[in-house]
Amino acid sequence: MKLTAFNSLNRTQAAEVVRPALDIPRWVEAVVDARPYAHHDALLSTARTAAKPFGAEEIERALSHHPRIGERAEGDHAEAGLSRAEQSAVDPTDTDVQQRLREGNLAYEERFGQVFLIRAAGRSPEEILDQLSTRMDNDPGTEQAVVADQLRQIALLRLEGLVTP
Ligand SMILES: NC(=O)NC1=NC(=O)NC1=O
């Protein structure tokens, strides 16, 4: 949707447009309530500012919307489509990659108690697998900051596609 159209929606409609980017109510409201935006950069900078910091419960809520890397999001709602597109470099028929992702995801979840989240767009399976093993060495506090940053990157990338200049 164009920025001008986004500016003219009512609050409820505008919230529905941006929610697939990041389902954190405080963030959605901040982005919606700063309208009208004079230009696209103002939208992105508001979204970036509102996405820092995230509280632990906000991260937990947002993570619940992300399928595991390698598991294709089901459904035809906006978020599932975005997730499938972001993970398009991960070939579901590559059994070696799938196996390594499955094992890596499980090990990560056992250690950190939450899904492994990475901004997958633009990354090869090898890069994702490399991040998955590298981040296993993080302590929980460090890893939580990394997860928050990945959430921010995904949110901004999605927002750029949902509301265009
Ligand atoms: N577990 C994940 O990292 N999921 C995802 N990363 C993305 O960039 N999109 C997703 O759905």
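The values are calculated or read from the model by the stated rules, or taken from the named source; none is laboratory data. Not measured: the values here are computed from a predicted model. Note that each Cβ is placed from the backbone with ideal geometry, even for glycine, and that neighbours are counted across all protein chains shown. Accessible surface areas use protein heavy atoms only, side chains included; no ligands, DNA or RNA. Shrake-Rupley method; radii C 1.70, N 1.55, O 1.52, S 1.80 Å.
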Contacts under 7 angstrom Cβ, first residue in segment 143-165 being within 18 Å of R26 (Cβ to Cβ), partner charged (D, E, K, R) and not in a helix (DSSP H, G or I), 6 or more apart: R152/K52; I154/R119
Cross-chain or 6+ apart pairs with Cβ under 7 Å, segment 115-130 first and loosely packed, with under 13 Cβ neighbours inside 10 Å, then in a loop (DSSP other than H, G, I, E, B): S124/A89
Filtered residues of segment 92-106 (kept if open to solvent by less than 50 Å² (accessible area, probe 1.4 Å) and out of contact with any helix residue (DSSP H, G or I) (no Cβ under 8 Å at 6 or more places or on another chain)): Q98
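In segment 50-77, how many residues are aliphatic (A, V, I, L, M) and within 12 Å of the ligand (Cβ to nearest atom)? Steps first, answer last, please.
In the first step, residues of segment 50-77 are kept if they are aliphatic (A, V, I, L, M); the result is 50-51, 56, 59, 62-63, 69, 73.
Subsequent filtering for residues that are within 12 Å of the ligand (Cβ to nearest atom) retains 62-63, 69, 73.
Counting residues in segment 50-77 that are aliphatic (A, V, I, L, M) and within 12 Å of the ligand (Cβ to nearest atom) gives 4.
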Scope segment 87-106; condition under 18 Å from P67 (Cβ atoms), in a helix (DSSP H, G or I) and without any contact (Cβ under 8 Å) to a residue 24 or more places away in the chain; matching residues: Q99, E103, L106
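Sort through A15, A38 and tell me the only one that's of a type in the set (A, V, I, L, M, F, W, C) and not in a helix (DSSP H, G or I).
Numbers: A15 fails: not in a helix (DSSP H, G or I).
Result of the check over A15, A38: A38.
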Residue, farthest from V90 (Cα to Cα), within segment 57-73, restricted to residues that are open to solvent by 70 Å² or more (accessible area, probe 1.4 Å) and part of a helix (DSSP H, G or I): E57
Filter result for E109 (open to solvent by 30 Å² or more (accessible area, probe 1.4 Å), more than 10 Å from the ligand (Cβ to nearest atom), assigned to a helix (DSSP H, G or I) and closer than 28 Å to W27 by Cβ): yes
Flag for A89 being within 10 Å of the ligand (Cβ to nearest atom) and either open to solvent by 50 Å² or more (accessible area, probe 1.4 Å) or within 17 Å of I154 (Cβ to Cβ) (or both): no
